[in-house]
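What follows is calculated from the coordinates using simple rules that are stated; it is not laboratory data. Only a predicted model underlies this, so the values are computations on that prediction, with no experimental measurement involved. Here the Cβ positions follow ideal geometry from the backbone for every residue, glycine too, while neighbour counts run over all protein chains shown.
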Amino acid sequence: MASVTMKDIRKVYDKTVVAVDGFNLEVADKEFIVLVGPSGCGKSTALRMIAGLEEITAGELYIGARKMNQVEPKNRNIAMVFQNYALYPHMTVYDNIAFGLRMRKLPRREIDAKVREAAEILEISDLLKRKPKALSGGQRQRVAIGRAIVRSPDVFLMDEPLSNLDALLRSQMRTELIQLRRRLDTTFIYVTHDQTEAMTLGDRIVVMNQGRIMQIGTPSEVFNHPANLFVAGFIGTPQMNFLDAVLEVRDGTCAALAAGERIALPDGFARGGLDGKSVVLGIRPEHILLRDGDGIPAAVEVCELLGSTMALHLSVGGVKLEAIVPASAAAGLTDLSAPSAALHIGFDTAQIHLFDPDNGERIAQKAFETEEQS
């Protein structure tokens, strides 16, 4: 088992295209880290540099205490699971799993024991004589994971391993990966563009954009305290609502003037020296509440029933918002399917986020820190 340390890692292609820049990350031994971000953000490149499949332009990579910049991939004691499974089509499941062990010239009896143990863990013992073409996508992914398990690596690297599976199978495989992680108790670094995978699998999440790290934190920290507008908009389904606003501090209280409405804010903002400041106000759809008539007037443009919840696409003062509310709470309202149906809403003020429109950074925490220090 081993930790992974990346110091000021940089990757440049053709001396002009910067794929990863200023990448600093410390992965503890036995930690499950998820790199998440949109396509092209550099997450797979970062993973491939750890594996040795991409040369590091600048910076230092350590696995445990050993510097790995110039170490060949085969000597790093890592195992990688690819998006496309990378199975040998002419080999049986057994032979695919055993291939790496045979290349290392391990005794036949030891190979057999390792292959059958991995197959039992992954519940594919009855598939060992089949070839990949006779397997489903989920079964092929289990074989690819089994091939990694038998190597007993210091670090598991996984590059979007579930992206080729349908939604139901992805959910099932996420559960199996969590159980597998508990059983193996080793270091995992996992790449995905799917925030659901990131939130459910990772001990910590590394959110990336344009080759740089935007935020590192636990799933709860990243969701509840996004560091900037990008993280706030990327993490969460549906996306966080954003409104341009101006802050007004009067008599020790603070409010945001947005979409023609005055929205009360927690007391901490009043002590942050924010009076008159232009901000971006963020509120997640699930934190918009229905009111009986004393709230902010809103027009319902589209209503979607999602089972136990309802998605309301709203217009407030010309600003588009989305709210997720319990279906039972909306049942007693007027006919929401009617064009421009009217209702009143409120914001859960404890869940409001403020961001600086110039640099995109979250300013709510700064305000609370000012309050705590006073």
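What is the magnitude of the charge dipole of the chain about its Cα centre, with +1 placed on the Cβ of each Lys and Arg, -1 on the Cβ of each Asp and Glu, and no other charges, expressed in debye to the nearest 20?
Roughly 2540 debye for the chain.
Going down the list LYS43/LYS129; LYS11/LYS129; LYS15/LYS67, which pairs span over 30 Å between their C-alpha atoms?
Checking Cα-Cα distances, LYS43/LYS129; LYS11/LYS129 exceed 30 Å.
Project the alpha carbons of the chain onto their principal axes and report the range along each, largest first, in whole Å.
Principal-axis extents of the chain (Cα, largest first): 78, 46, 38 Å.
Would you mind classifying the stretch 61-206 by shape? Square roots of the alpha carbon gyration tensor eigenvalues, ordered a ≥ b ≥ c; an a/c under 1.5 is rounded, otherwise it is prolate if a/b is larger than b/c and oblate if not.
The shape class here is oblate.
If all Cα-Cα distances of the stretch 189-327 are sorted into 10 Å bins from 0 onward, what percent lands in each bin, rounded to whole numbers?
Final binned percentages: 11, 33, 33, 21, 3, 0.
Quick one: among ASP292, ASP267, ASP356, which has the greatest mean-square fluctuation in a GNM of the chain with alpha-carbon springs under 10 angstrom?
The residue with the greatest mean-square fluctuation here is ASP292.
Please identify the longest segment of the chain free of exposed GluC sites (Glu not before Pro), where exposed means a DSSP state other than H, G, I, E or B and no more than 13 other Cβ atoms within 10 Å.
124-374
What's the Cα-based Rg to Rh of the stretch 142-222, Rh via Kirkwood?
Ratio of gyration radius to Kirkwood radius: 0.96.
If each Cα of the stretch 1-63 is one equal point scatterer, what is log10 of I(q)/I(0) from the Debye formula at q = 0.25, 0.29 Å⁻¹?
Values, matching the q order: -1.15, -1.43.
What number, rounded to the nearest 500 deg cm²/dmol, is the helix-based mean residue ellipticity at 222 nm of the chain, given -39500 (n - 2.57) per DSSP H run of at least four residues and division by all its residues?
-7500 deg cm²/dmol
Post the alpha-carbon centroid distance, the stretch 181-220 to the stretch 233-256, in whole angstrom.
27 Å
List the residues, sorted by chain then number, that are 5 or more residues from ARG204 or on another chain and whose placed amide H is less than 5 Å from its amide H.
For ARG204, whose amide H was placed from the backbone, the distant partners under 5 Å are PHE32, VAL34.
Within a 10 angstrom radius of the beta carbon, how do TYR190, TYR62, TYR88 rank from fewest other beta carbons to most?
The order, fewest Cβ neighbours first, is TYR88, TYR62, TYR190.
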